[in-house]
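**Student:** Dropping the structure in here first, questions after.
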Amino acid sequence: MSILPYANQNVWELVAYKPGKPIEETARELGMDAEDIVKLASNENSLGPSPKALAAMQGVLAGVHIYPDGASYALRSRLAADYGVAFEQTAVGNGSSELIELLGHAFLRPGTEVVAAEYSFAMYSIVARLFGATYVAVPNKADWTHDLQAMLRVITPQTRLVFITNPTNPVGTMVGREEIEAFMAAVPEHVTVVFDEAYMEFAAEPVDTACYVRQGRSVAVLRTFSKAYGLAGVRVGYAITTAEIAALMNKARSPFNVNLPAQVGALAALDDTEHLQRSVEMVNRGRAQYYAAFESMGLAYVPCHTNFILVRVGDGAGVYAEALARGVITRPMGGYGLPEYIRITIGNEAENTRCIAVLRELLG
Ligand SMILES: *Cc1c(COP(=O)(O)O)cnc(C)c1O
């Protein structure tokens, strides 16, 4: 007998998140050494973690038989001070992906609606479906940015969450201060606006959205240590939001959701502004490297504010597979409705050079 008729159909019908292909798996399948594989698929930081974060994490390993501080007091206090909000206005998660899920717990059930851009992070639709909510995807503008005015028009009394990914994934574009102001001036009060800012550290002109939190608006600003801070493997992200929304998120989370190395690593990473700066500079140089290569190859790409680039290669699945066979892991975009594109993480110079050489070989 199958137990599935008794399962939660929202879960059974989910199409699970498909992460970038892991290095170990690729090495196994190709019979190659892991060191010879270049992973440019998940927007990780090729510079590695901050040495200060690494030392802080190593320093606590002997104490991991004790549960971590369930309230993440030190990390959340630091974030509250940095953003000029109260401790009660913060939440931390096992990656910001968990924070997105906690917002789902807090606001979504059948009959409610989630609004996001057509080309945006896959977790939003997964979380909407997990809670039986309706997911409303709004087409991006011709320049690939979020169409915030169109997003306003689809808001109904059932809308609970609107996701604005800034800069956005998988396209890398950004909406500026004026557009956000106009959106915030018009968005109804029953809607929680989520600014997912996983890549804001890479933006040359970052937009401050925590100001809306300080004004008491129902806004959640999500940030992560997985990208510019180079701590994807320990899983930690945070939300700056209202005390009400943070309380909802904190009630819904599991008791020790952020582990001890993650808490101390994140705290130390915040202090290592030099490492952050070097990471951003590496990405700025790499971006120029890819732009020049794509232009010389006649490939269309989306100018980006992120540590990844969306580039049009024709047969995205085919180019992904051929690059993979040569030990370069990129991200095919068919699942995002962009079958002619691949998304490439901007790595260090050697990784970028190798990736560009493979693309030249494949695309002439
Ligand atoms: C990578 C990413 C995240 C979060 O990743 P975590 O590792 O779970 O913190 C969130 N939003 C977007 C748009 C991302 O690209």
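The values are calculated or read from the model by the stated rules, or taken from the named source; none is laboratory data. Not measured: the values here are computed from a predicted model. In this analysis, Cβ positions are derived from the backbone assuming ideal geometry, glycine residues included, and neighbour counts consider all displayed protein chains. Quick note on the areas: whole protein, heavy atoms, side chains included, nothing else; ligands and nucleic acids left out. Shrake-Rupley method; radii C 1.70, N 1.55, O 1.52, S 1.80 Å.
**Student:** Are any residues in the stretch 83-99 within 16 Å of the ligand (Cβ to nearest atom), outside any helix (DSSP H, G or I) and small (G, A, S), and if so, which ones?
**Tutor:** Looking only at the stretch 83-99, we keep the residues that are within 16 Å of the ligand (Cβ to nearest atom), and these are 90-99.
Next, only the ones that are outside any helix (DSSP H, G or I) stay: 90-95.
Hits for the stretch 83-99 are A91, G93, G95.
**Student:** Now a separate question. Keeping to the stretch 1-41, report how many residues are over 28 Å from N169 (Cβ atoms), open to solvent by 80 Å² or more (accessible area, probe 1.4 Å) and among the hydrophobic types (A, V, I, L, M, F, W, C).
**Tutor:** 2
**Student:** Can I ask one more? Within the stretch 4-18, identify whether any single residue is in a loop (DSSP other than H, G, I, E, B) and more than 21 Å from E101 (Cα to Cα), and answer yes or no. It would help to see each step written out before you state the result.
**Tutor:** Filtering the stretch 4-18 for residues in a loop (DSSP other than H, G, I, E, B) gives 7-8, 13-18.
Remaining after also requiring more than 21 Å from E101 (Cα to Cα): none.
Scanning the stretch 4-18 turns up no residue that is in a loop (DSSP other than H, G, I, E, B) and more than 21 Å from E101 (Cα to Cα).
**Student:** Residues being touching a helix residue (DSSP H, G or I) at 6+ places or on another chain (Cβ under 7 Å) and either away from the ligand (no atom under 16 Å from the Cβ) or without any contact (Cβ under 8 Å) to a residue 60 or more places away in the chain (or both): count how many of those fall in the stretch 198-208.
**Tutor:** First, the residues of the stretch 198-208 that are touching a helix residue (DSSP H, G or I) at 6+ places or on another chain (Cβ under 7 Å): 198, 201-202, 206-207.
This time we only want the ones that are either away from the ligand (no atom under 16 Å from the Cβ) or without any contact (Cβ under 8 Å) to a residue 60 or more places away in the chain (or both), so: 206-207.
Summing the residues that are touching a helix residue (DSSP H, G or I) at 6+ places or on another chain (Cβ under 7 Å) and either away from the ligand (no atom under 16 Å from the Cβ) or without any contact (Cβ under 8 Å) to a residue 60 or more places away in the chain (or both) in the stretch 198-208 gives 2.
**Student:** Is it the case, given these coordinates, that R343 is touching a Pro at 6+ places or on another chain (Cβ under 7 Å), open to solvent by less than 60 Å² (accessible area, probe 1.4 Å) and at pLDDT 95 or above? Steps first, please.
**Tutor:** Numbers: touching a Pro at 6+ places or on another chain (Cβ under 7 Å): yes; open to solvent by less than 60 Å² (accessible area, probe 1.4 Å): yes; at pLDDT 95 or above: yes.
Taking the combined requirement at face value, the residue satisfies it.
**Student:** Here's another thing I want to ask about it. Being surrounded by 12 or more Cβ atoms within 10 Å (Cβ to Cβ), touching a residue at least 24 places away in the same chain (Cβ under 8 Å) and in a helix (DSSP H, G or I) is the filter here; which residues of the stretch 56-68 pass it?
**Tutor:** We begin by selecting, within the stretch 56-68, every residue surrounded by 12 or more Cβ atoms within 10 Å (Cβ to Cβ); these are 56-60, 68.
Now narrow it down to the ones that are touching a residue at least 24 places away in the same chain (Cβ under 8 Å): 56-57, 59-60, 68.
Scanning the stretch 56-68 gives A56, M57, G59, V60.
**Student:** Given the criterion in contact with an Asp or Glu (Cβ under 9 Å, 6 or more places away or on another chain), more than 30 Å from T345 (Cα to Cα) and either open to solvent by less than 40 Å² (accessible area, probe 1.4 Å) or outside any helix (DSSP H, G or I) (or both), identify the matching residue among A80, A71, A53.
**Tutor:** Details: A71 fails: in contact with an Asp or Glu (Cβ under 9 Å, 6 or more places away or on another chain); A53 fails: more than 30 Å from T345 (Cα to Cα).
Testing whether each residue is in contact with an Asp or Glu (Cβ under 9 Å, 6 or more places away or on another chain), more than 30 Å from T345 (Cα to Cα) and either open to solvent by less than 40 Å² (accessible area, probe 1.4 Å) or outside any helix (DSSP H, G or I) (or both) leaves just A80.
**Student:** Still on this model: If you scan the stretch 100-122, which residues turn out to be more than 8 Å from the ligand (Cβ to nearest atom) and open to solvent by 10 Å² or more (accessible area, probe 1.4 Å)? Break it down stepwise before answering.
**Tutor:** First, the residues of the stretch 100-122 that are more than 8 Å from the ligand (Cβ to nearest atom): 101-119, 122.
Listed by number, the residues that qualify are E101, H105, A106, F107, L108, R109, P110, G111, E113, E118, Y119, A122.
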